[in-house]
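Asks: What follows is a single structure, and I will ask about it in a moment.
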Amino acid sequence: MTEQNSAVVDVWDLHKSFHGHPVLRGIDLHIAPQELTVLIGPSGCGKSTFLRCLNCLEIFDRGKVSIGGINLERTSVPSPLTGEFHAKVRQLRLNVGMVFQSFNLFPHLTALENVMKAPLVVKGIPREQAEAIARELLEKVGLSTHVHHYPSQLSGGQQQRAAIARALAMAPKVMLYDEPTSALDPGLVEEVLQVMKKLHEEGMTQIVVTHEMRFARDVADKIVYFEDGQIVEMAPPKQMFSSPRDERTRRFLKRFL
Amino acid sequence: MITYLISLIVLFSITASTWAQTSSPKILRWGADSEGGAPYAFQDPADPGRIIGFEVDLVNALAEELHVRPEFVQNQWDGLIPGLQRGNYDMVVNGLEITEDRKAEINFSEPYYLTYEQLTVRKDTYDINSLADCKGKVVGTLKFSLAHRILEAQGGIEVRSYEGQINAYEDLANGRLDAVLMDYPIALYYGQRHPKLKFVGGPISQMTYGIGVRKEDRQLLDEINLALEKLAQNGRLREILERWALWTVPMAEFLHDKKPSTALPTEYDAYMKAVGMRRTWKDRFLQYAGYIPLLAKGALTTIELSILSMLMAVVLGLLIALMRLYTPPPFSQFALAYVEVTRGTPLLIQLFFIFYGLPNIGIKLAPFTAALLGLGLNYAAYEAENYRAGILSIPRSQMEAALALGMTRLQALRHIIVPQAMRLVIPPVTNDFIALLKDSSLVSVITMVELTKVYGQLASTYYDYFGIGLLAAAMYFLIGLPFVRLSRFAENYFSFDKRVPNMARGSKKPRVLSLSGLAHSFHP
């Protein structure tokens, strides 16, 4: 597979269960740099869990994840979680930016401080430099006039854009989005999608779990359909939406189109 | 923190100077409880900063004979023997009766005073003239006293035991008791002077007061006995007792001294004059104003102790809470056990244990250190629970967001979780501080003289639990007040919702951090 060699995200045979109930049942996925991949599927299909396994907010049971050259592998169940493993998890997280459905901004910090915090604490870069980066990123997401606002003083769309800026501040190689617009009022969805589209144009590798089918169709490079903890079908949007191969995909998409 | 505590312990540890080790010029430290009241060792009603009493005079005379300088050490009466054993002072002179069980613990000198129990009743009581008449009556006395044992042994008497003599005689005067049985000196100074009360019957039983010293201080005991002998021979002892109106028949028999009185009861008269004065409002005002410096001194100790132990509790509590929440089992279980045990046992017992118990394993702490440790360690358990509640109320998603940004758990706690928990924790912590301020009164049991102790001393001296009580209560209230204000200020400071740097969206009402689930409300 040539794709595998050039990929920035590689996942081999990923398994995860909660209390004996399997949620991910052998996921293989390889994502090339600059690609925007959209994960779709019915709720409970495991797509969010998959995303959370990529940066180890959930530790997968078995399989291998490689992001930007950092490899995490668990071979047997149960395999012990060593200190070495945890150190690698942190390295891997530095390659990955995460955007949550409910934004999860730090409510005690202003938008600017939210964006500056991780570079200051984790990378230890000088305050002036961190602030310059933060201001630049907030401007990029259209919040240059709101840098000193607290999250409670921002609208949902503004909060999510600030959250994207916060993730970008760590200069990740991949951005993960877990239903980034599901908690937003319909009128505010577009401003967030616009930011993601802009990042796509700039060449950021992005993996998005979403129900925004129009966004998926117009912007994604690849659509991945999840069901029952497995990847059912994977295709470019045009093919996926016009002629899905699998019956299950067809049934799912019918509800949206 | 632990090393800090250890260094504290080392710093404040006092090495008990046993008598033999003290280098000259010798200081002879003697323990007594000035709250015990007249005529033993008590605060001079005319000058409350001074300790007077027949035992003070006796110790001074003894010290002169021994060529030492006496130093008074305040100690709760119940704890006089443990205090002696742990080396807070070298002898006890405070109406300590020579009894067999006490002799098992410490050595006693030859008796310096012999007296008896005296029955006191209301002036309009005619049916009680002896101990036998008390059958079926309610009789009050001091707890742990010989009189208490006598009343119990008599049988058929409803015995009420009191902490202080004043309350017992007050209850007799206002009819809650039918009689009071107490040591003659106490009865003389507190019972007889009461306008509604009178003595009835003759001497009951006999008791001997001796000077208590540690078992190992044999040399000191011999020196004291020699000096006492000398004071008895040259008439100094009799003179002291006579000036306090305490010369008794048993005493005269004991010393084979049948001569008529020579000295006038000058000290007794002075005391009766000082406490019995009919006062004008101006006098009263001046009198109360005179208590303030003493109360303020006690209040200062209370403040100092409360602030330091709260600081300790707040720091230690955070560590314990984090340990319980974020460390693997042996540590988290230790933290849990610490909280459960500390919270589940009385502070009073913890204080006793630290002050009187730890010397058994060689850890001898100064009273202030012991009080600080006792209060600090106890309240740390409560603060830990406050922090834990605060931290748990921060949504898990905050920790996840911080971890996803590459922070370690510790960094996430330090920068994200704890600052948010802080605001939620301020009101209960303030609450605990106010509680601690008042709980600090318990440390008087380990010889600390703080606000409540000063109140007790003054009240027992002046027969005035009301006015002085109001003064002391007002002081506690005033001490707490600034901290309540401070906490309100801190709460505002930490409530990030109300900090509005830029009123662009000023119409928005402040959002309240929800205590469960999602922290973020969505703006329509």
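The values are calculated or read from the model by the stated rules, or taken from the named source; none is laboratory data. No experiment lies behind these values; they were computed from the predicted model shown. Counting neighbours? That spans all protein chains shown, and the Cβs are built from the backbone with ideal geometry, glycine included.
Asks: Kindly establish whether B:VAL425 is in a helix (DSSP H, G or I), farther than 23 Å from B:LEU319 by Cβ and either modelled with pLDDT under 90 or out of contact with any His (no Cβ under 9 Å at 6 or more places or on another chain) (or both).
Replies: So B:VAL425 does not fit the description; no.
Asks: Inspect region B:371-389 for any residue being surrounded by fewer than 22 Cβ atoms within 10 Å (Cβ to Cβ), more than 30 Å from B:GLN74 (Cα to Cα), in contact (Cβ under 8 Å) with a residue 40 or more places away in the chain and of a type in the set (Asp, Glu) and give the result as yes or no.
Replies: Yes; the residues of region B:371-389 include at least one that is surrounded by fewer than 22 Cβ atoms within 10 Å (Cβ to Cβ), more than 30 Å from B:GLN74 (Cα to Cα), in contact (Cβ under 8 Å) with a residue 40 or more places away in the chain and of a type in the set (Asp, Glu).
Asks: Please list, ordered by residue number, the helices (runs of 4 or more DSSP H) wholly in region B:154-266 having 2 or more residues that are aliphatic (A, V, I, L, M) and within 28 Å of B:PRO82 (Cβ to Cβ).
Replies: Details: elements: B:165-173, B:218-233, B:236-243, B:249-254.
Fully inside region B:154-266 and qualifying: B:165-173, B:218-233.
Asks: A further question follows. What are the residues in region B:450-497 that are among the acidic types (Asp, Glu), within 14 Å of another protein chain (Cβ to nearest Cβ) and in contact (Cβ under 8 Å) with a residue 40 or more places away in the chain, if any?
Replies: Across region B:450-497, the qualifying residue is only B:GLU491.
Asks: Condition check: surrounded by 13 or more Cβ atoms within 10 Å (Cβ to Cβ), modelled with pLDDT of 90 or more, in a helix (DSSP H, G or I) and of a type outside the set (Phe, Trp, Tyr). Does B:ALA459 satisfy that? Lay out the reasoning, then the answer.
Replies: Numbers: surrounded by 13 or more Cβ atoms within 10 Å (Cβ to Cβ): yes; modelled with pLDDT of 90 or more: no; in a helix (DSSP H, G or I): yes; of a type outside the set (Phe, Trp, Tyr): yes.
Judged against the criteria, B:ALA459 is not a match.
Asks: Would you check if B:LEU442 is touching a Ser or Thr at 6+ places or on another chain (Cβ under 9 Å) and crowded, with 22+ Cβ neighbours inside 10 Å?
Replies: Answer is no for this residue.
Asks: Let me ask something else. Quick one: which strands (runs of 3 or more DSSP E) lie wholly within region A:143-236 and hold at least 1 residues that are within 14 Å of chain B (Cβ to nearest Cβ) and surrounded by fewer than 24 Cβ atoms within 10 Å (Cβ to Cβ)?
Replies: A:174-178
Asks: Tell me which of these B:ASP33 doesn't satisfy, since it passes every other one: (1) surrounded by fewer than 21 Cβ atoms within 10 Å (Cβ to Cβ); (2) out of contact with any Gly (no Cβ under 8 Å at 6 or more places or on another chain); (3) under 19 Å from B:VAL443 (Cβ atoms); (4) not hydroxyl-bearing (Ser, Thr, Tyr).
Replies: Status for B:ASP33: all satisfied but (1).
Asks: Sticking with this one: Quick one: in region A:90-108, which of the residues that are crowded, with 18+ Cβ neighbours inside 10 Å and assigned to a helix (DSSP H, G or I) is farthest from the other protein chains (Cβ to nearest Cβ)?
Replies: It comes out as A:LEU92.
Asks: One residue is enough: does region A:23-35 have a residue meeting the conditions of a type in the set (Lys, Arg) and without any contact (Cβ under 8 Å) to a residue 60 or more places away in the chain?
Replies: No, region A:23-35 contains no residue that is of a type in the set (Lys, Arg) and without any contact (Cβ under 8 Å) to a residue 60 or more places away in the chain.
Asks: Please go through region B:215-255 and pick out each residue that is of a type in the set (Phe, Trp, Tyr) and in contact with a Leu (Cβ under 6 Å, 6 or more places away or on another chain).
Replies: From region B:215-255, those of a type in the set (Phe, Trp, Tyr) are B:244, B:247, B:254; that's our starting set.
Those that are of a type in the set (Phe, Trp, Tyr) and in contact with a Leu (Cβ under 6 Å, 6 or more places away or on another chain): B:TRP247, B:PHE254.
Asks: Can B:LYS282 be described as assigned to a helix (DSSP H, G or I) and at pLDDT 85 or above?
Replies: no
Asks: Tell me which residues, restricted to region A:68-78, are away from every other protein chain (no Cβ under 13 Å) and on the phi < 0 side of the Ramachandran plot.
Replies: Matches in region A:68-78: A:ASN71, A:LEU72, A:GLU73, A:ARG74, A:THR75, A:SER76, A:VAL77, A:PRO78.
Asks: Restricting the search to region B:108-126, which residues are crowded, with 19+ Cβ neighbours inside 10 Å and among the polar types (S, T, N, Q)?
Replies: Matches in region B:108-126: B:SER109, B:THR115, B:GLN118, B:THR120.
Asks: Would you please list the contacts, defined by Cβ atoms under 9 Å and residues six or more apart or on different chains, that run from a residue in region B:422-437 that is hydroxyl-bearing (Ser, Thr, Tyr) to a residue that is surrounded by fewer than 22 Cβ atoms within 10 Å (Cβ to Cβ)?
Replies: B:THR430/B:PHE483; B:THR430/B:VAL484; B:THR430/B:LEU486; B:THR430/B:SER487; B:THR430/B:ARG488; B:THR430/B:ALA490; B:THR430/B:GLU491
Asks: Just to verify a result, which residue in region B:378-411, among those that are part of a helix (DSSP H, G or I) and at the interface with chain A (Cβ under 9 Å from one of its Cβ atoms), is nearest to B:LEU308 (Cα to Cα)?
Replies: That would be B:GLN411.
Asks: Something else: Please list, ordered by first then second residue, the pairs with beta carbon atoms under 9 Å, 6 or more apart or interchain, first in region B:324-336 and within 15 Å of B:GLU385 (Cβ to Cβ), second of a type in the set (Gly, Ala, Ser) and in a helix (DSSP H, G or I).
Replies: Short answer, once both residue conditions are applied: B:ARG324/B:SER332; B:ARG324/B:ALA335; B:ARG324/B:ALA384; B:LEU325/B:SER332; B:LEU325/B:ALA335; B:ALA335/B:ALA321; B:ALA335/B:ALA384.
Asks: Follow-up. State yes or no: is A:LEU81 more than 8 Å from every other protein chain (Cβ to nearest Cβ), out of contact with any helix residue (DSSP H, G or I) (no Cβ under 7 Å at 6 or more places or on another chain) and crowded, with 22+ Cβ neighbours inside 10 Å?
Replies: Taking the combined requirement at face value, the residue does not satisfy it.
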